Amino acid sequence: MPAAPKSFQSLILTLHNYWSEKGCVILQPHDVEVGAGTLHPATVLRALGPKPWNAAYVQPSRRPGDGRYGENPNRLQHYYQYQVILKPNPANMQDLYLGSLEAIGLDLRTHDIRFVEDDWENPTVGAWGLGWEVWCDGMEVSQYTYFQQVGGLDVNPVAGELTYGLERLAMYVFGVDNVYDLPFNDPDSPLGALTYGDVFLANERQQSEANFHGYDVAVLKQQFEQMEEQVPLMLARSYKNETLVLPAYDMVLKASHLFNLMNARGAIAVAERASYIGRIRDLCKMCAQKWVELQEAA
Amino acid sequence: MPQLLLELFSEEIPARMQGQAAKDLERMAREHLAAAGFLPEALKTFAGPRRLTLVAEGLPLAQADRKEELKGPRVGAPQQAMDGFLRKAGLTQDQLVEQNGVWMAFVEKKGRPTAEIIAEMVEAIVRGFAWPKSMTWGTGKLRWVRPLKRILCVLDREVVPFEIDGIVSGDVTEGHRFMGDAKPLVAKDFDEYVAGLEAHYVVLDVEERKARILEGCKTLCFARHLELVEDIGLLEEVAGLAEWPTPVLGDMDPSFLDLPPEVIRTSMRTHQKYFAVRKPGQAGLAPHFITVANIEAKDGGKVIAAGNAKVLSSRLADARFFWDEDVKTGFEPWLAKLDGVTFHAKLGTMAQRVERIVALAGEIAPLVGADVDKAKEAARLAKGDLTSQMVGEFPELQGIMGGYYARHFGLDAEVAAAIEGHYKPQGPSDAVPTAPVSVAVALADKLDTLLGFFGIDEKPTGSKDPYALRRAALGVIRTILENGFPSSLFLIIAKPLARIRVAIDFESVRNAEAKISGVTQIPLSVRDEFIDRFIQQKFEEATGADSEAWASRVALDLVAFFADRLKVTLKDQGKRHDLVDAVFALGDDDLARIVARVEALDGFLKTDDGKNLLAGYKRASNILKAEEKKGPLPEGTPEEPAADSAAEVGLYQALRLLDRPLKDALAKEDFTGAMAQLAELRGPVDAYLDGVFVNDPEHRDNRLKTLAAVRAAMGLVADFGLVAG
């Protein structure tokens, strides 16, 4: 077995190598702001339809409301999720997952690993599934889900999804209490060791201020409405009989991020929240529907 | 006799579902076996994190042969009927026998091998299992709570062969996920199975897992001079999370001990599923915790303890953050937020509910000896903590946090205690509030809930009680009885009922107000009257009933509901249900008085006088009933009988002498005294019934009036007709 990772980036590389060896496609992050790795089209859309699909990727995730100006050791408005999707889920998926924990240096005879009921749902994309939070010594290190519905549609075959919260996992594996102290590259790097804070602290500070005070709510609202209008128009277009689902879905993601920004600015009343979420879900359902039609026609 | 062993092995089953799953498996198996004509000598099921197991002892290897009688068409029925019957039964006409004009077939049914029946049974159970939530996986269609991996099924040490959606039955299972040699293990009967699992670090029986956890916890505590804070719910849950449960003691950063102990315990329990510990004989917590791991770790659990301690610290740091934020905010901003919180779509916002509780607490306060202003203030603040950060995170700390914050802000001690205790009692074993201000707010809170949901016709039915109204009613009953407050329920609920009526139509009222407020020249008094009429009209439109009738229906329903709950309570306390019924028949709505009557009656009927008087009552009552059938009984008070009829004079005098003191005793609610008065009737009633011929044509009227007078006098105390005996 190769040596256990010593830095944040080698943790990622270890997971990449592990899942690559298992046969997954290793993707790069989607280039639209998303709130969670699940929203990458490689998960939300690929989970639908009959075709097999096995992929792993890192996805930067933005949660504008979680910004703490770099002052909270555990909370970030921008962080990384490691995402694995296996469709159909193989019978030994739990064992594959546990193998990945061993690969990053967790000894399963020393640490207490538990699968604790946690049914996942994401109302903005009309998705839910059954599964667990995986605990390591009392800490949630992953979310493990068997999708049952995405975009309001039943999935068949079923995709299994794994989400690792990379910063939290790294903090645990490396015994670091403050995320900004995580070794980002090799601590013995001849080019100089950098911490997570060296790389991201300025970003956390600036983005927090922008999220809470900087963005113009009127502009956000206008952009949201524009995206909302554009989605059906894009879905009405096609190229060589192929509906433009992927561009339309990117617009849904943008709308979703704009909603999160408005929410962080405190611009969404409690009573309005559900209606906004419903609007995004409807857009997502339209895309999901078209995507399934394309998959089944192909 | 052969034994059946069945194991359904899956990925991790949610802990909360395991207990019911074991029961369901047992029930379904018993039903299937019974339908096949099997009655196992013993049948037991087990549930754990990865497996449901069933063992049944004493099954035969095949069903007994059976003779079946099939009734065919009448002799001479059309040929189509005969053909249809033969086709369905798989017979030919020469196998039929004529009997009483009907064609009959007597078919010998060979008993089927048990294994075949078991195979069908398992398939039916797996496909029909009622998990609270189930799923599909991979490319299959089968549903289970999580992916089903293996089925072990052996009858008399032989595999029962079958296949369910690609899962082939066998005699193989798996042990612990991480401990042991990770090789599949073969089990051909229950003893091998249990021993094999044990050797592979799996404790099958949840009771054994619980015992192992408790024992482990106590050993750890003993070594460190600590005491476990027992928590049965948590024990159940963690016993469902580990196949080889192994308690590990960890240290908590003692600087967090300044947080309220309830916060620490709740954080430990809900987020981390840890047990709390304390120093023996001391209140508060000790800075340690016990987590129940699923492995015996190679290092004895050092890494597990350290990791869990770190997680707990970050959880408690969050809790401290909530506390700090909350004490910066305070009650008034929280209360303002209640305006935006819906209590129930038909019952308005939490802010409106608070207004009603304040008014009601003010009305109840004088009845329970509480300061009216303090009761109203406590009621106003009681729901504030619902919008605090701490209660947002830990909803079960509602009230408790309110109390802490009220004391932190230096509010009046009685007010703080009422905020803290107003949800009490939260169950049959929880204590009722006793401080007067707390009692007023606790009663107001529960009565508002009851009135509201009865008002919108959301009453409990059967096993469904989503708003916990039975618990609320029981809480009211216990608070009133255990504090000994006398008062009429109707009286308490009349005014709040009127307020609820307004709340239900709040939307229309607001609309009406908006409409009217534009018309400034309308004098206020007229405006109010207009609104009243508007509410009345809206109400009638909405319910098709006039609101007075509605209010009395709700009040009656609610009092009947209380009566029902009180009966259950009294029966639980071992009071004879017939005595409870006898007192309830009087239609009283004062709980304390009802209980006093039941107790006095119970005491009276244990005396000789009581028993005999009851017998006398029954005789008199039977005579009256028999005579009533012949025509209406004479009405009025009996005349003084002739002086020569000693028995008649005796009862007449006894009734006259009884009248005043009996009514006095009842007026003073001295029910034991009233019973003692009734006891005076025993001799005269016995003498009368033995010596006087009631149906004597000359005296019938007066004699019936006398018996009716006896029944009426006794009826002031209870309906003796409903007493058994």
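No lab work stands behind these numbers, since they all come straight from the coordinates. Keep in mind that this is a model prediction, so the values were computed, not measured. Positions of Cβ are generated from backbone atoms using ideal geometry, with glycine treated the same way; all protein chains shown enter the neighbour counts.
Quick rundown of the values:
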quantity	calculated
Reference-scaled alpha-carbon Rg (2.2 N^0.38 Å with N residues) for the stretch B:573-649	1.46
Isotropic mean projected area of the C-alpha convex hull, the stretch A:198-247 (nm²)	5.4
Listed pairs A:K51/B:K183; A:K22/A:K87; B:K218/B:K273 exceeding 25 Å between Cα atoms	A:K51/B:K183
5 angstrom amide H check on A:Q149, placed H, neighbours 5+ away	A:W128, A:V155
Gyration tensor (alpha-carbon) shape descriptor, the stretch B:673-712, a/c threshold 1.5	oblate
Anchor B:K67: lysines whose Cα lies under 18 Å away (excluding residues fewer than 8 positions away in-chain)	B:K88, B:K109, B:K110
Label-point gap, in nm, between A:D282 and A:K51 - each point 7 angstrom along Cα→Cβ	3.0
Computed Kirkwood radius, in angstrom, where 1/r is averaged over Cα pairs of the stretch B:5-59	11.6
Per residue convex hull volume, Cα atoms of the stretch B:324-376, in Å³	100
Dipole magnitude of the protein assembly as shown, debye to nearest 20 (Cβ charges: Lys/Arg +1, Asp/Glu -1, about Cα centre)	1120
Among beta bridges that DSSP assigns inside the stretch B:74-232, antiparallel share in %, nearest 5	85
Cα-based Lys pair tally, the stretch B:620-725, threshold under 20 Å, eight or more apart or on separate chains	4
Debye intensity ratio in log₁₀ form over the Cα atoms of the stretch A:160-274, taken at each q of 0.15, 0.16, 0.17, 0.19 Å⁻¹	-0.91, -0.94, -0.97, -1.01
Which of B:L662, B:A365, B:T270, positive extreme of dipole for chain B (C-beta unit charges)	B:T270
Fraction in percent of alpha-carbon pairs per bin - 5 Å, the stretch B:1-112	2, 10, 15, 13, 9, 9, 8, 8, 8, 8, 5, 3, 1
Ordering of B:412-421, B:187-196 by packing [mean C-beta count within 10 Å, highest first]	B:412-421, B:187-196
Built amide H within the under 5 Å cut-off of A:N54, gap 5+	A:V25, A:K87
Kirkwood Rh and Cα Rg combined as Rg/Rh, the stretch B:131-180	1.03
HN-Hα J in Hz across the stretch B:192-201 - Karplus 6.51, -1.76, 1.60, θ = phi - 60°, x for Gly and Pro	4, 5, 5, 5, x, 4, 4, 5, 9, 6
B:E639 paired with A:V116, simple spin-label distance in nm, labels 7 Å along Cα-to-beta-carbon	8.8
Rounded, prolate or oblate (a/c below 1.5 giving rounded, otherwise prolate when a/b exceeds b/c) for chain A by Cα gyration tensor	oblate
Leading residue at positive end of dipole, chain B (Cβ point charges), from B:L411, B:Y688, B:W323	B:W323
Tail fraction, Cα-Cα pairs, the stretch A:1-150, threshold 26 Å, whole percent	26
Histogram of C-alpha separations across the stretch B:229-280, 10 Å bin width, %	20, 57, 21, 2
The protein assembly as shown: radius of gyration and largest Cα-Cα distance (Dmax), Å	37.2, 130
Cα-centre dipole for the stretch A:158-218 with unit charges at Cβ (Lys and Arg positive, Asp and Glu negative), debye to 20	80
The stretch A:139-181: equivalent-ellipsoid semi-axes (sqrt of 5 x gyration tensor eigenvalues, Cα, Å)	32, 9, 6
Exercise: per-residue mean of other protein chain Cβ atoms within 10 Å, A:103-116	6
Within the protein assembly as shown, helix-based [θ] at 222 nm, where runs of 4 or more DSSP H residues each add -39,500 (n - 2.57), nearest 500	-16000 deg cm²/dmol
Gyration tensor verdict on the stretch A:109-227 (Cα atoms; rounded if a/c is under 1.5, prolate if a/b is larger than b/c, oblate otherwise)	oblate
Under the Karplus curve 6.51 cos²θ - 1.76 cosθ + 1.60, θ = phi - 60°, whole-Hz ³J(HN,Hα) for the stretch A:196-212, x wherever Gly or Pro sits	4, x, 4, 7, 10, 4, 4, 4, 4, 4, 5, 5, 4, 5, 4, 5, 8
Cβ-Cβ FRET estimate between A:D181 and B:A223, R0 fixed at 45 Å, reported to 0.05	0.80
Scaled radius of gyration (Cα, divided by 2.2 N^0.38 Å) that the stretch B:204-336 gives	1.14
Per-residue mean of C-beta atoms belonging to partner chains within 10 Å, peptide A:136-143	6
Per-selection Rg to Rh, the stretch A:1-80 - Cα, Kirkwood hydrodynamic radius	1.04
Positive-end extreme of charge dipole, the stretch B:23-114 - chosen from B:F85, B:L61, B:W103 (charges on Cβ)	B:L61
In nm, spacing of pseudo-spin labels at A:L27 and B:K67 (7 Å Cα→C-beta vector)	7.2
Unit Cα scatterers, Debye sum, chain B: log10 I(q)/I(0) for q = 0.08, 0.10 Å⁻¹	-0.99, -1.13
Angstrom value of the Kirkwood radius, inverse mean 1/r, which spans all Cα pairs in the stretch A:84-177	14.0
The stretch B:599-685 - convex hull of the alpha-carbon atoms, volume per residue in Å³	114
Equivalent ellipsoid semi-axes, the stretch A:227-284, via Cα gyration tensor eigenvalues times 5, rooted, Å	27, 10, 7
Set B:K328/B:K376; B:K424/B:K464; B:K149/B:K464 screened for pairs whose C-alpha atoms are more than 30 Å apart	B:K149/B:K464
Highest to lowest packing among B:135-142, B:679-686, B:326-333, scored as the average C-beta count within 10 Å	B:679-686, B:135-142, B:326-333
Amide proton proximity set for B:K424, modelled H, under 5 Å, gap of 5+	none
P(r) of the stretch B:580-725 over all Cα-Cα pairs, binned every 5 Å from zero, in whole percent	2, 10, 20, 23, 19, 14, 8, 3, 1, 0
Among A:A159, A:A42, A:A236: highest mean-square fluctuation, GNM of chain A, C-alpha pairs under 10 Å	A:A236
Magnitude of the charge dipole, chain A, Cβ model with Lys/Arg +1 and Asp/Glu -1, debye to 20	740
Estimated D of the stretch B:327-433 in µm² per second, where Rh is the Kirkwood radius over Cα pairs and Stokes-Einstein applies at 10 °C, 1.306 mPa s	113
Estimated vicinal HN-Hα couplings, Hz - the stretch A:235-247 in sequence order (Karplus 6.51, -1.76, 1.60; Gly, Pro = x)	5, 7, 8, 8, 10, 6, 6, 10, 4, 7, 5, 5, x
